[in-house]
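A short reminder: the numbers here are calculations on the coordinates, not readings from a lab. Note that the structure is predicted; figures quoted are calculated from it, not measured. Don't worry about glycine lacking a Cβ; one is built from the backbone with ideal geometry, like all the others, and counts go over all protein chains shown.
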Amino acid sequence: MPINTTKQTILTSNTIRSSLKKALLLSSAILTTSAFADDWQQDLEQAKGQTVYFHAWGGSQAINDYIAWAGEQVKEQYDVTVNHVKADAAVVVQRIKTEKEANVTEGGKVDLMWINGENFKAMKANDLLTGPFATDLPNYQYVDTENKPTTELDFGVPTDGLESPWGMAQLVFYYDSEQLEKPPTSMTELAKLAENDKGRIAYPAPPAFHGTTFLKQALVELTADADALSKPVDDVDFAAVTAPLWDYLDNLHPNLWQAGKNFPKDGQQMKQLVNDGELIVGISFNPNEASRAVANGELPETIKSYVHSRGTIGNTHFVAIPFNASAKAGAKVFANFLLSPEAQTRKANTDIWGDPTVLAIDKLSTEQQQAFAALPVGSASLSPAELGAVLPEPHASWVAALEAAWLERYNK
């Protein structure tokens, strides 16, 4: 009898402790949520009447129109004005760096910027960012951090909440199915196609973004030491790792458009050359761009997209707040809106932009999931299954090294 009583006492004591622990955890969660809500409410109040100078690439009318629409929404809903300043990210980084060197710690001219890759790496390394802020945004709860690890990793560099994910990207090739029956499924097959159909293949000259991405894709596929690409470039034998890439390009270039003596200046010119029939393969970093171009009459209806069998490079693009931004609260409000299911659904629409979402669809409400499911499927788009594996970007430090080496060898 005493033994049973003791057991019962212990069980009761354990139950009480467990209940108390659960109550404490629940209380802590409520307090945290309450504090979070209070902080966000304070941001909303501070943001009212602010003007956010959003520095972002302005080379696409579709993207410019989307940013204008998003600005209209936050003006109407939150009384925040968004001024889209069309600028190159590298130039913006240098401007902010100069302001810091001049001890301009407040009243900066950049409130929010579109950023990723080597530009984020430079901003983070030089303490030029406000944050962490991204994980505190209410809509961050919908971000797919489980299946899309690049939402928290930018070209191998942890984001640490210093930038908020905005959209996904993956290298996709497109071709004219009327002129090419079967597209190549690797860099090796692409070289064979160029040899058999001389002058019909090309890639943009680095440091144009699509050209640099082409180099990285080729390097990932060809190098014998792919693991080295995840490390800072100064920590590896650059010459040894990249030797297969330069051998490949040396053999490829004589068979390219204009015998490899000239290169398309960017992805837009490449698209025009495909439309004109001079090239049979194009490059995009948006899986839906070809479909949008077909719909807009920029490409023929016979265009189809494809990826390489081992996968293609993919990443996430972000928005970030500089350390000395004038309208930090307004910048957070705009960044949060860009993460909203409403804004992400519109952005993913191929009739509007076609930029893939960073959200986890299963985290959304039934109505929001249905909105994504109802999006039009472009004639040249691939399904998520057809897009295949997403290969990680090399560490951000590889960009400058690859571009410099390419320019030294081929820009003559």
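By the helix-only formula, in which each DSSP H run with n ≥ 4 contributes -39500 (n - 2.57) and the sum is divided by residues, the chain has a 222 nm mean residue ellipticity of -14000 deg cm²/dmol. Rounded to the nearest whole Hz, the Karplus-based 3J(HN,Hα) values (6.51 cos²θ - 1.76 cosθ + 1.60, θ = phi - 60°) of the range 380-393 follow the sequence 10, 8, 9, 6, x, 5, 5, 5, x, 6, 9, 8, x, 5, with x at glycine and proline. Between the amide H of ALA396 and those of VAL157, distances stay under 5 Å, these residues lying 5 or more places away or on another chain, with hydrogens modeled in the peptide plane.
Amide H contacts of ILE303 (H built 1.01 Å from N, in plane; Pro and chain starts excluded): SER177 sit under 5 Å, all sequence-distant by 5 or more or on other chains.
Backbone amide hydrogens, once placed in the peptide plane, bring VAL52 within less than 5 Å of THR81, VAL82, ASN83, excluding anything fewer than 5 places away on its chain. If you take the Cα centroid of the range 117-188 and the Cα centroid of the range 332-391, the two points sit 14 Å apart.
Counting neighbouring Cβ atoms within 10 Å and putting the fewest first, the residues ASP43, ASP154, ASP235, ASP225 line up as ASP235, ASP225, ASP43, ASP154. Peptides 238-251, 315-328, ordered by how many other C-beta atoms sit within 10 Å of their residues on average, highest first, read 315-328, 238-251.
A dipole drawn for the chain from +1 and -1 charges on Cβ atoms has a positive end, and of ILE96, SER383, LEU339 the residue lying farthest that way is LEU339. Filter the chain for me: DSSP H helices, axial length by Cα at least 30 angstrom, mean Kyte-Doolittle hydropathy not below -0.5. List them by residue number. Membrane-span-like by this rule: 2-47. By the Kirkwood approach, averaging reciprocal distances over each pair of separate Cα atoms, the range 101-174 gets a hydrodynamic radius of 13.9 Å. Tell me the label-point distance for the pair GLN269, GLN77, using the 7 Å Cα-to-Cβ offset, in nm and rounded to one decimal. In this crude spin-label approximation the distance works out to 4.0 nm.
Stokes-Einstein diffusion of the range 134-234 at 37 °C, 0.692 mPa s viscosity, Kirkwood radius from Cα pairs, rounded to a whole number: 196 µm²/s.
Computed over the range 52-164, the Cα gyration tensor eigenvalues convert (square root of 5λ each) into semi-axes of 21, 21, 15 Å, ordered from largest to smallest. Rounded if a/c is under 1.5, else prolate if a/b beats b/c, else oblate: with a ≥ b ≥ c from the C-alpha gyration tensor eigenvalues square-rooted, which is the range 281-322? Since a/c reaches 1.5 but b/c is at least a/b, the shape of the range 281-322 is classed as oblate. In the chain, the alpha-carbon atoms span a convex hull of 195 Å³ per residue.
Grab the beta carbon distance between SER365 and PHE36, set R0 = 25 Å, and tell me the FRET efficiency rounded to 0.05.
Plugging the Cβ-Cβ distance into 1/(1 + (r/R0)^6) gives 0.75.
Extending 7 Å from Cα along the Cβ direction at LYS86 and again at ASP351 yields two label points whose distance is 2.5 nm. Computed about its Cα centre, the charge dipole of the chain is approximately 680 debye, with only Lys, Arg, Asp and Glu carrying charge at their Cβ. Here the calculated FRET efficiency for SER383 and GLU45, from their Cβ-Cβ distance with R0 = 51 Å, stands at 0.70, rounded to the nearest 0.05. The modelled label-to-label distance for the pair LYS109/ALA68, using points 7 Å beyond Cα in the direction of Cβ, is 2.4 nm. Note on PHE155, PHE120, PHE209: ascending count of other Cβ atoms within 10 Å places them as PHE209, PHE155, PHE120, the fewest first. Only sites in a loop by DSSP and with at most 14 other Cβ atoms within 10 Å count here; which trypsin sites (Lys or Arg not before Pro) in the range 142-204 make the cut? The qualifying sites are LYS198. Each Lys or Arg adds one and each Asp or Glu subtracts one; over the other residues with Cβ under 9 Å from the Cβ of ASN126, this totals +2. Two numbers describe the Cα atoms of the range 245-384: Rg and Dmax, which are 19.0, 54 Å. With R₀ set to 45 Å, the beta-carbon distance separating LYS100 from GLU181 gives a calculated FRET efficiency near 0.20.
Taking other residues whose beta carbon is less than 10 angstrom from the beta carbon of LEU299, and scoring Lys, Arg as +1 and Asp, Glu as -1, yields -2.
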